[in-house]
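Q: Quick one: the structure is below, questions incoming.
The values are calculated or read from the model by the stated rules, or taken from the named source; none is laboratory data. Since we're looking at a predicted model, the values are computed, not measured. Neighbour counts are summed over all protein chains in view; Cβ atoms, including those assigned to glycine, are modelled from backbone coordinates with ideal geometry.
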Amino acid sequence: MFTPSERYLTDFFNNPAWPDYFFIHGYPLLVIAWNLLLLLVPFGLVFYLKKIWRKRDLSKFTLYLITVGLGFLWLLFIPNAAYIITDVRHLLDYCPLGSPERVCSSGAWLIMFFFIYASIGWVAFVFLLNQMKEFIIQAKSEKAGRYFIWLSIPLVSLGTLLGLIDRFHSWEFLLFPAMIFKSGLRYFTDIIYFKDWAVFTAGLYILYFIGNFLFKKNIRK
């Protein structure tokens, strides 16, 4: 004799369509959870950097060595925030062909879902950049913090495109550096790829400065 919960689980997994419950318009829910979890990596790296710089119980050489190493890891993972913004692309063709005004009642809720999801990526992108900027200001100077924003966003844009188009993960740079370097070089030697990078870079600058203006009172450090 099954309990109601056991009966529900049995019926659920006996249903051949049960895997569809873990997808939204073909987008795996586990990937959403994974992408959000990855946002903790750059946050944790800067949190640790701030901690060791406050203590300053390491030699200057060791302190700078750790900072460069963790800063490099931060740069590998920060594009994940911008990548979440690009997931609005899953709204393309969310309705059957021929739908009036390309809107359908069965999928209208997807607009709000992916908008909120992309907005989380936007807020995280601004917050994580500002978190690192504040660390650099504390460790170096106000000018260094400003330069950091202008110099890092083009690299974040490149990292986002390497994930979006070339399908590389952040940690794969440590495994296949030559392959990723070769793919990255294409964005500066092929006009089509360069145009993608230039537009993405301009877009991320706009999103950062608008977001910094809108959110700066609520997402400091």
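Q: Mind listing just one residue for me: the one in the range 54-66 that is touching a helix residue (DSSP H, G or I) at 6+ places or on another chain (Cβ under 8 Å) and among the hydrophobic types (A, V, I, L, M, F, W, C) and, of those, surrounded by the fewest Cβ atoms within 10 Å (Cβ to Cβ)? Walk me through it before giving the result.
A: Residues of the range 54-66 that are touching a helix residue (DSSP H, G or I) at 6+ places or on another chain (Cβ under 8 Å), as a first pass: 56, 58, 63, 66.
Now drop any that are not among the hydrophobic types (A, V, I, L, M, F, W, C), which leaves 58, 63, 66.
Values: Leu58: 13, Leu63: 17, Ile66: 15.
Out of the qualifying residues, it is Leu58.
Q: Now for a separate question. If you scan the range 167-221, which residues turn out to be out of contact with any helix residue (DSSP H, G or I) (no Cβ under 6 Å at 6 or more places or on another chain), under 19 Å from Met132 (Cα atoms) and of a type in the set (D, E, K, R)?
A: Hits for the range 167-221 are Lys216, Lys217, Arg220.
Q: Moving on. For residues that are surrounded by 15 or more Cβ atoms within 10 Å (Cβ to Cβ) and part of a helix (DSSP H, G or I), scanning just the range 28-41, find the one that is modelled with the lowest pLDDT.
A: At the first step, the residues of the range 28-41 found to be surrounded by 15 or more Cβ atoms within 10 Å (Cβ to Cβ) are 32, 35-36, 38-39, 41.
Pick out the ones that are also part of a helix (DSSP H, G or I) and you get 32, 35-36, 38, 41.
On the way: Ile32: 87, Asn35: 92, Leu36: 94, Leu38: 95, Val41: 97.
Checking each candidate, the answer is Ile32.
Q: Let me ask something else about it. Which of the residues belonging to the range 146-160 are hydrophobic (A, V, I, L, M, F, W, C) and closer than 13 Å to Asn80 by Cβ?
A: We begin by selecting, within the range 146-160, every residue hydrophobic (A, V, I, L, M, F, W, C); these are 148-151, 153, 155-156, 158.
Listed by number, the list holds a single entry, Val156.
Q: A further question on this structure: Is the range 199-214 home to any residue that is under 22 Å from Gly71 (Cα atoms), within 19 Å of the chain's Cα centre (by Cα) and among the aliphatic types (A, V, I, L, M)?
A: Yes: the range 199-214 contains one or more residues that are under 22 Å from Gly71 (Cα atoms), within 19 Å of the chain's Cα centre (by Cα) and among the aliphatic types (A, V, I, L, M).
Q: Also, I was wondering about something else. So how many residues does the range 92-137 have that are closer than 25 Å to Leu36 by Cα, part of a helix (DSSP H, G or I), free of Cβ contacts under 8 Å to residues at least 40 places away in the same chain and not β-branched (Val, Ile, Thr)?
A: The total comes to 8.
Q: Residue by residue through the range 46-101, note down the ones that are closer than 20 Å to Ala118 by Cα and of a type in the set (Val, Ile, Thr).
A: Listed by number, the residues that qualify are Ile78, Ile84, Ile85, Thr86, Val88.
Q: Could you say whether any residue in the range 139-146 is touching a residue at least 40 places away in the same chain (Cβ under 8 Å), in a helix (DSSP H, G or I) and either under 14 Å from Phe43 (Cα atoms) or not aromatic (Phe, Trp, Tyr) (or both)?
A: Keep residues of the range 139-146 that are touching a residue at least 40 places away in the same chain (Cβ under 8 Å), which gives 139.
Then keep just the ones that are in a helix (DSSP H, G or I); that gives 139.
Then drop every residue that is not either under 14 Å from Phe43 (Cα atoms) or not aromatic (Phe, Trp, Tyr) (or both), which leaves 139.
Checked against the condition, which is being touching a residue at least 40 places away in the same chain (Cβ under 8 Å), in a helix (DSSP H, G or I) and either under 14 Å from Phe43 (Cα atoms) or not aromatic (Phe, Trp, Tyr) (or both), the range 139-146 yields at least one hit.
Q: When the residues of the range 85-120 are filtered to those that are over 19 Å from Pro154 (Cβ atoms) and touching a Phe, Trp or Tyr at 6+ places or on another chain (Cβ under 7 Å), which remaining residue is surrounded by the fewest Cβ atoms within 10 Å (Cβ to Cβ)? Lay out the reasoning, then the answer.
A: Let us first name the residues in the range 85-120 that are over 19 Å from Pro154 (Cβ atoms), namely 87-120.
Then drop every residue that is not touching a Phe, Trp or Tyr at 6+ places or on another chain (Cβ under 7 Å), which leaves 87-88, 90-91, 107, 110.
Numbers: Asp87: 18, Val88: 15, His90: 17, Leu91: 17, Gly107: 17, Leu110: 17.
Filtering first and then ranking leaves Val88.
Q: Residue check: is Phe168 surrounded by 16 or more Cβ atoms within 10 Å (Cβ to Cβ), among the aromatic types (Phe, Trp, Tyr) and not in a helix (DSSP H, G or I)?
A: Numbers: surrounded by 16 or more Cβ atoms within 10 Å (Cβ to Cβ): yes; among the aromatic types (Phe, Trp, Tyr): yes; not in a helix (DSSP H, G or I): yes.
Criteria met by Phe168.
Q: Scan the range 58-78 and report the pairs whose first residue is in contact (Cβ under 8 Å) with a residue 24 or more places away in the chain and aliphatic (A, V, I, L, M) and whose second residue is in a loop (DSSP other than H, G, I, E, B) and exposed (fewer than 15 other Cβ atoms within 10 Å of the Cβ), with Cβ atoms within less than 9 Å and a gap of 6+ or a chain change.
A: Leu76/Trp171
Q: All but one of (1) exposed (fewer than 12 other Cβ atoms within 10 Å of the Cβ); (2) at pLDDT 95 or above hold for Lys51; which doesn't?
A: (2)
Q: A further question follows. Given the residues Gly69, Gly44, which is the only one that is over 30 Å from Ser106 (Cα atoms), surrounded by 12 or more Cβ atoms within 10 Å (Cβ to Cβ) and modelled with pLDDT of 85 or more?
A: Numbers: Gly69 fails: surrounded by 12 or more Cβ atoms within 10 Å (Cβ to Cβ).
That would be Gly44, the only listed residue that is over 30 Å from Ser106 (Cα atoms), surrounded by 12 or more Cβ atoms within 10 Å (Cβ to Cβ) and modelled with pLDDT of 85 or more.
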